[in-house]
1. Subtracting the Cα-Cα distance from 0.36 nm times the residue separation, let me have the gained length for Leu239 to Gln275 in nm, one decimal.
2. Of the listed values [x] 21.2, 63; [y] 23.5, 81; [z] 25.0, 84, identify the label whose number matches Rg and Dmax of the Cα atoms in Å calculated from this model.
3. List the relative contact order of region 37-353 as a percent without decimals, with contacts defined as Cα pairs under 8 Å and 6+ residues apart.
4. With a point put 7 Å past each Cα toward its Cβ, work out how far Glu432 is from Ser398 in nm, to one decimal.
5. Share of antiparallel DSSP beta bridges in the chain, in percent to the nearest 5?
6. Just from its helices, what would the mean residue ellipticity at 222 nm be for the chain, if runs of 4 or more DSSP H residues each count -39500 (n - 2.57) and the sum is divided by every residue, rounded to the nearest 500 deg cm²/dmol?
7. For the chain, with the dipole built from +1 on Lys and Arg beta-carbon atoms and -1 on Asp and Glu ones, taken about the Cα centre, which of Leu386, Trp183, Trp290 lies farthest toward the positive end?
8. If the only charges are +1 at each Lys and Arg Cβ and -1 at each Asp and Glu Cβ, what is the size of the charge dipole of the chain around the Cα centre, to the nearest 20 debye?
Amino acid sequence: MKNNKKIKLLITLLIVTTAFGLEWKWKDYPDACEISTMIVDSLNQRIILFGGGCPYIERWFNTVWEMPLDTGMGYHWSRLSVSGNPPAARFDHSAVYDSRNQRMIVLFGNAGSNYFHDVWALNLRLGEESWEMLNTAGMPTADRCAQFAIYSSLRNSVIVFGGAGYYVRYNDVWELKLDSMVWEEIVVSGDRPAIRSFPGGLFDKDNNRMIIFGGNADDFYNDVWSLDLTPGNEQWTELHPSGSAPEIRSGFAYGSDPKRNRFYVFAGWNYPPYQYFNDLYVLDLSTLTWTRLYPSGDLPWARRGAVGNYDYFNDNFLVFGGGISSTDNSETFFIHIDTIYISTPEWQSQPKLSSYPALFVNTIASGSVRIRYMLPKICNINVKILNANGRVIRSIFSGKISSQSNWLTWDTKDNGGKNMSSGVYYCLLETEDIGISKKFVIAK
């Protein structure tokens, strides 16, 4: 009888492995590209993706995609229907979220050697999404792309740093005042960052400052700078974080968690020689400390030109696209960042959460195990812990769930209350339709 149960379990695991080994095809999915933009539309709890390009085949996009963040069914892309004449297809542009006016503002960019000297607004009111070209006065230099931009709610303006033109790089700072639609160069005191394109960064609202990291011109950088945005007192200050800093790089994906004051950096590249990365770092701005993270799961391949953002509704750092050599891709993946323990995140690819159930398991410092499930519908489930021999040692949950996504905790005891020793274990989740398992290790 015991052998029959083991055989049944092995068959279940084999079916699950086979199911997840299938290639998932999307009828409605963003094109493979680099250097698009991705903002969080917080009022409507969705990601908005715009533009991007494949420079090796000189193909550019001006499509808009949305990814809902509150469905409880995992991530999925949908093409957004937008009225009005759209901006020209482009990449190397900037996009910011204007929360006061519920819109995305798109600035500049290029399509090969064709530079765009324009500013656009995408109205994000649900069901009324529409494009509008904004008429602004006093624009910065015409040939500019690959700049870094933020929206400052405190100044009600878009602030732009650096960027690149035709054989030129910049380190100036410009402000588009949204009340008057007039550009002004900000006179900044103190030393300033070197000229560069493709830096990343964030707006630190609590301290009214812009933070930038990395980028490249003739050289590549991994320095961190802070720009005080107090009107009349704008000043650059170089920051010197402790810890393990990322190598010099440009073209990386990044995102910031405003709730915990953290800044994430993934991938990028530098030369000579050509070096592409797929490492992940977090900068804690409260302690000014860099930490390299070592996620489990399927490690995404090295790339440049990927775009990232932080989904603070679900505590996930999301990454889309990117390329290496002459190959671009359209994959979407993310890591879930535990609200307390950030040392063991796990990479997950987007297709796994669109139709299939998903299961995440993290061991934590107290010796307990946290289990998170995401399911496509409300249903009855069984969650069990099995030892390395396939024997059920603990039933965690059995019954109808009230939410499609939730956390469970295993205290590492069996059904009889006995503490389990260090070793390999499996978490098995079964629904009426399918079973999935996740292997993990506990160490005491």
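1. Computed gain between Leu239 and Gln275 is 10.4 nm.
2. Read-out taken from this structure: [y].
3. Working: 834 pairs, mean separation 32.2, N = 317.
RCO, region 37-353: 10 percent.
4. 1.8
5. On the way: 139 of 146 bridges.
If we restrict to bridges inside the chain, about 95 percent are antiparallel.
6. Working: 1 runs with 19 residues, N = 444.
The helix contribution divided over the chain gives -1500 deg cm²/dmol.
7. Leu386
8. On the way: 41 positive and 45 negative charges, 520 e Å.
The dipole of the chain has a size of about 2500 debye.
Bear in mind that the values in this text are calculations on the coordinates, not laboratory data. Owing to the predicted nature of the structure, the values given are computational and were not obtained by experimental measurement. Quick reminder, even Gly has a Cβ in these numbers, built from the backbone with ideal geometry, and neighbours come from all protein chains shown.
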